[in-house]
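Have a look at the structure below before the remarks.
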């Protein structure tokens with residue numbers, strides 16, 4: 001398993017601000033992109049492993065609090081969605097190219113949305129009413 005890209009989830013990053021409930025800014029929403037490669041001598045075994053991984057992530061596409069390791073860092077309502085990602089072949093070769101290892105059959109998966117808690121205070125309460133002076137013509 002190789003983490004090859006970390007990106008900000010644009011849907012949540014650019015969405016409406018939601019208070020975190022702890023007086024801090026909302027968590028930074030991250031998407032983690034993984035490359036899963038079975039290392040086997042026989043190609044037939046690699047196919048079996050790829051099939052087993054695909055089925056496992058298909059059946060367990062959403063990981064809840066009880067599934068996540070390190071219970072102390074996860075909130076009870078935290079989830080991680082795992083989905084197969086279709087990556088162009090050229091991008092796969094760009095991942096393998098810098099290495100001296102020949103290309104191997106691989107799966108790419110996206111784990112989203114991993115929230116990293118902010119250390120910055122959210123500031124004051126949101127503005128409920130704003131009054132502006134009338135413009136003078």
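No lab work stands behind these numbers, since they all come straight from the coordinates. This is a predicted model, so every value here is computed, not measured. Virtual Cβ from ideal backbone geometry, glycine too; neighbours counted across all protein chains shown.
One table, with the values for the structure above:
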| quantity | calculated |
| --- | --- |
| Under the Debye formula (equal points on every Cα, no solvent term), log10 I(q)/I(0) of segment 27-80 at q = 0.25, 0.26 Å⁻¹ | -1.04, -1.07 |
| Convex hull projection area averaged over all views, segment 2-116, Cα basis, nm² | 9.1 nm² |
| Ranked list, fewest to most other Cβ atoms within 10 Å of each Cβ, for 78, 59 | 59, 78 |
